[in-house]
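K.L.:
Following this message is one structure expressed as structure tokens.
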């Protein structure tokens with residue numbers, strides 16, 4: 001906490017205001033506003049200033065003539081000579097814009113107006129609150145915003161104009177907009193973009209757009225520091241800029257894992273409030289060459305086949321995944337492979353989940369400062385014929401799969417969960433799909449599914465024996481699947497995946513457990 005915020009926390013204000021036509025005693029102390037009604041029925045409300053987005057005077061005359069007090073405008077800038085000679089308006093009210101949690105992990109911008117007959121009281125409160133908000137240095141004021149107009153339902157620009165821009169304007173955030181026109185546009189732009197006067201980077205799009213942004217940012221950081229990103233053993237520094245994602249894609253898995261919802265205003269408010277958490281990223285190498293970094297999941301077999309096939313049906317929009325998924329589900333192919341992993345000593349099959357204020361992620365953040373945990377663990381090898389092999393960096397939950405592939409995966413514990421789906425019959429595959437859409441059950445409860453927590457792993461395809469014609473011995477042919485890496489096809493089959501603990505800082509507050517959410521609603525407005 002900065003000194004300015006510390007001083008403001010020690011400030012104490014006490015006044016009587018008219019709020020929603022009720023006379024209330026209002027206190028400000030230690031970063032919290034508290035008010036209680038003076039008459040019956042008695043009510044008491046609290047508002048942490050960490051949730052306040054902005055405070056503004058309620059103007060009583062034309063806004064162009066409103067100069068605030070002492071020759072300053074509402075932003076604290078000196079007025080022109082003409083306006084300075086105009087008598088200042090007598091403000092008798094100010095309005096607080098604040099973020100409030102609602103149901104299903106969603107947040108909304110709310111307002112409350114405080115009225116007082118003495119303009120000096122109004123000025124004192126507005127100045128105190130604004131000084132406090134100015135001391136919250138983690139809040140971004142200048143953002144670089146990438147908008148993908150082609151992702152999901154192709155509503156990226158509409159999302160910006162209708163839902164994002166109004167909130168940014170209230171919060172006083174200046175956003176430089178870059179509309180992407182081709183694949184990897186955001187990644188390539190970040191390799192050369194000047195980061196002067198930029199506090200953070202955000203994007204409107206799906207998981208692919210988010211992946212472009214952090215891939216470009218990580219590559220740019222490595223380039224600036226002279227680090228060879230093709231070296232699988234390279235220790236990568238965390239970029240100084242934080243990243244936010246505003247959902248505008250088909251599944252928006254990462255937004256769901258960050259906020260517990262794919263609601264656009266929620267994501268925008270989390271960016272405005274400036275809180276952040278560390279996110280693990282996984283590097284994918286093949287033949288000593290970096291292919292990309294990923295944040296959600298890399299999948300070989302079924303999901304790789306679906307992605308490869310769906311590229312032929314882009315004209316169908318998001319429905320192409322359902323169509324290709326049905327085709328590949330009915331084909332029920334299996335692929336021989338070998339997975340070697342550096343096992344972590346924790347279990348991926350038991351909780352707790354990664355809620356806000358996650359103790360496991362906090363512990364690994366501190367461990368990252370003192371030692372390299374990548375070297376710990378035991379190497380294990382698994383061979384078999386698989387319907388699907390997944391390396392889940394997060395739970396991969398979304399609206400269609402509330403638990404995700406790995407419900408107990410964490411955002412920042414330096415581990416990836418390896419889920420092995422053995423090749424089996426169609427009935428078992430149907431059971432698998434039902435589990436993926438269940439709110440209560442996990443896929444690793446099925447007998448043909450294994451889950452292992454690892455710090456890194458390698459995969460190589462094995463030749464598959466296939467009998468042909470009248471030959472008495474089988475002919476060996478390689479596997480033919482591809483990898484689905486954050487929604488992008490990776491054609492190289494054999495690869496090495498390594499976890500980089502909390503390599504990226506992302507704008508999010510996380511989301512609380514059900515009991516905490518209920519408690520929060522009880523104490524807020």
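For every residue, the table says whether it meets (1) outside the structural domain of residue 512 (by TED's automatic domain parsing); (2) in a strand (DSSP E or B); (3) touching a helix residue (DSSP H, G or I) at 6+ places or on another chain (Cβ under 7 Å); (4) closer than 25 Å to residue 434 by Cβ.
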{"residue": "312", "(1), (2), (3), (4)": "yes, no, no, no"}
{"residue": "321", "(1), (2), (3), (4)": "yes, no, yes, yes"}
{"residue": "327", "(1), (2), (3), (4)": "yes, no, yes, yes"}
{"residue": "338", "(1), (2), (3), (4)": "yes, yes, no, no"}
{"residue": "351", "(1), (2), (3), (4)": "yes, no, no, yes"}
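K.L.:
Then there is this: Can residue 273 be described as farther than 19 Å from residue 455 by Cβ, touching a helix residue (DSSP H, G or I) at 6+ places or on another chain (Cβ under 8 Å) and buried (at least 24 other Cβ atoms within 10 Å of the Cβ)? If you could, list the steps in order and put the result at the bottom.
P.N.:
Values: farther than 19 Å from residue 455 by Cβ: yes; touching a helix residue (DSSP H, G or I) at 6+ places or on another chain (Cβ under 8 Å): yes; buried (at least 24 other Cβ atoms within 10 Å of the Cβ): no.
Taking the combined requirement at face value, the residue does not satisfy it.
K.L.:
Given 197, 215, which one is under 19 Å from the mean Cα position of the chain (by Cα) and either in a loop (DSSP other than H, G, I, E, B) or crowded, with 22+ Cβ neighbours inside 10 Å (or both)?
P.N.:
The unique qualifying residue is 215.
K.L.:
Scan segment 1-54 residue by residue and report those that are part of a strand (DSSP E or B), out of contact with any helix residue (DSSP H, G or I) (no Cβ under 7 Å at 6 or more places or on another chain) and either at pLDDT below 90 or not assigned by TED's automatic domain parsing to the domain that holds residue 98 (or both).
P.N.:
12, 29
K.L.:
Okay, next question. Show the residue pairs that are 6+ apart or on different chains and have beta-carbon atoms under 6 Å apart, the first residue being within segment 27-39 and within 16 Å of residue 133 (Cβ to Cβ), the second being surrounded by 15 or more Cβ atoms within 10 Å (Cβ to Cβ).
P.N.:
30/9; 31/9; 31/49; 33/47
K.L.:
Assuming residue 393 fulfils every condition listed in (1) crowded, with 19+ Cβ neighbours inside 10 Å; (2) modelled with pLDDT under 95; (3) under 28 Å from residue 101 (Cα atoms) apart from one, which condition is it?
P.N.:
(2)
K.L.:
Does segment 159-169 hold any residues that are exposed (fewer than 15 other Cβ atoms within 10 Å of the Cβ) and either closer than 14 Å to residue 248 by Cβ or touching a strand residue (DSSP E or B) at 6+ places or on another chain (Cβ under 8 Å) (or both), and which are they?
P.N.:
161, 162
K.L.:
Return only the number of the condition from (1) touching a helix residue (DSSP H, G or I) at 6+ places or on another chain (Cβ under 8 Å); (2) over 23 Å from residue 253 (Cβ atoms) that residue 364 does not satisfy.
P.N.:
(2)
K.L.:
Do we have any residue at all in segment 295-315 that's at positive phi and buried (at least 17 other Cβ atoms within 10 Å of the Cβ)? Spell out the reasoning first.
P.N.:
Let us first name the residues in segment 295-315 that are at positive phi, namely 301.
Next cut, buried (at least 17 other Cβ atoms within 10 Å of the Cβ) only: 301.
So far as segment 295-315 goes, yes, one or more of its residues are at positive phi and buried (at least 17 other Cβ atoms within 10 Å of the Cβ).
K.L.:
Could you check how many residues of segment 358-381 are more than 26 Å from residue 458 (Cα to Cα) and modelled with pLDDT of 90 or more?
P.N.:
First, pick out the residues of segment 358-381 that are more than 26 Å from residue 458 (Cα to Cα): 358-359, 362-363, 366, 369-370.
If we keep only those that are modelled with pLDDT of 90 or more as well, we get 358-359, 362-363.
Counting residues in segment 358-381 that are more than 26 Å from residue 458 (Cα to Cα) and modelled with pLDDT of 90 or more gives 4.
K.L.:
Within segment 151-167, does at least one residue satisfy the condition of being over 23 Å from residue 259 (Cβ atoms), in contact with a helix residue (DSSP H, G or I) (Cβ under 8 Å, 6 or more places away or on another chain) and not in a helix (DSSP H, G or I)? Quick ask: steps written out before the conclusion?
P.N.:
Step one: of segment 151-167, the residues over 23 Å from residue 259 (Cβ atoms) are none.
Checked against the condition, which is being over 23 Å from residue 259 (Cβ atoms), in contact with a helix residue (DSSP H, G or I) (Cβ under 8 Å, 6 or more places away or on another chain) and not in a helix (DSSP H, G or I), segment 151-167 yields no hits at all.
K.L.:
Identify the residue in segment 396-411 that is within 17 Å of residue 356 (Cα to Cα) and under 13 Å from the mean Cα position of the chain (by Cα) and, among all such residues, is surrounded by the fewest Cβ atoms within 10 Å (Cβ to Cβ).
P.N.:
So, considering only residues that are within 17 Å of residue 356 (Cα to Cα) and under 13 Å from the mean Cα position of the chain (by Cα), the one surrounded by the fewest Cβ atoms within 10 Å (Cβ to Cβ) is 397.
K.L.:
Is one or more of the residues making up segment 230-243 in a helix (DSSP H, G or I) and touching a strand residue (DSSP E or B) at 6+ places or on another chain (Cβ under 9 Å)? If you could, list the steps in order and put the result at the bottom.
P.N.:
To start, the set of residues in segment 230-243 that are in a helix (DSSP H, G or I) comprises none.
Looking through segment 230-243, none of the residues is in a helix (DSSP H, G or I) and touching a strand residue (DSSP E or B) at 6+ places or on another chain (Cβ under 9 Å).
K.L.:
OK, next. Any residue in segment 171-185 that is assigned to a helix (DSSP H, G or I) and surrounded by 17 or more Cβ atoms within 10 Å (Cβ to Cβ)? Give the steps one after another, and end with the answer.
P.N.:
Just the residues of segment 171-185 that are assigned to a helix (DSSP H, G or I), to begin with: 171, 185.
From what's left, surrounded by 17 or more Cβ atoms within 10 Å (Cβ to Cβ): 171, 185.
There is at least one residue in segment 171-185 that is assigned to a helix (DSSP H, G or I) and surrounded by 17 or more Cβ atoms within 10 Å (Cβ to Cβ).
K.L.:
Look through segment 493-504, keep the residues that are out of contact with any helix residue (DSSP H, G or I) (no Cβ under 8 Å at 6 or more places or on another chain) and buried (at least 19 other Cβ atoms within 10 Å of the Cβ), and return whichever of them is farthest from residue 365 (Cα to Cα). Spell out the reasoning first.
P.N.:
Of the residues in segment 493-504, the ones out of contact with any helix residue (DSSP H, G or I) (no Cβ under 8 Å at 6 or more places or on another chain) are 493-497, 500.
Applying the additional criterion that residues be buried (at least 19 other Cβ atoms within 10 Å of the Cβ) yields 493, 495, 497, 500.
Numbers: 493: 32, 495: 27, 497: 21, 500: 12 Å.
This residue is 493.
K.L.:
Let me ask something else about it. On the given criteria, is residue 117 assigned by TED's automatic domain parsing to the domain that holds residue 50, touching a residue at least 12 places away in the same chain (Cβ under 8 Å), surrounded by fewer than 20 Cβ atoms within 10 Å (Cβ to Cβ) and in contact with a strand residue (DSSP E or B) (Cβ under 6 Å, 6 or more places away or on another chain)? Let's see the steps before the verdict.
P.N.:
Working: assigned by TED's automatic domain parsing to the domain that holds residue 50: yes; touching a residue at least 12 places away in the same chain (Cβ under 8 Å): yes; surrounded by fewer than 20 Cβ atoms within 10 Å (Cβ to Cβ): yes; in contact with a strand residue (DSSP E or B) (Cβ under 6 Å, 6 or more places away or on another chain): no.
No: the conditions fail for residue 117.
The values are calculated or read from the model by the stated rules, or taken from the named source; none is laboratory data. This is a predicted model, so every value here is computed, not measured. Glycine gets a Cβ as well: all are built from the backbone with ideal geometry, and neighbour counts include every protein chain shown.
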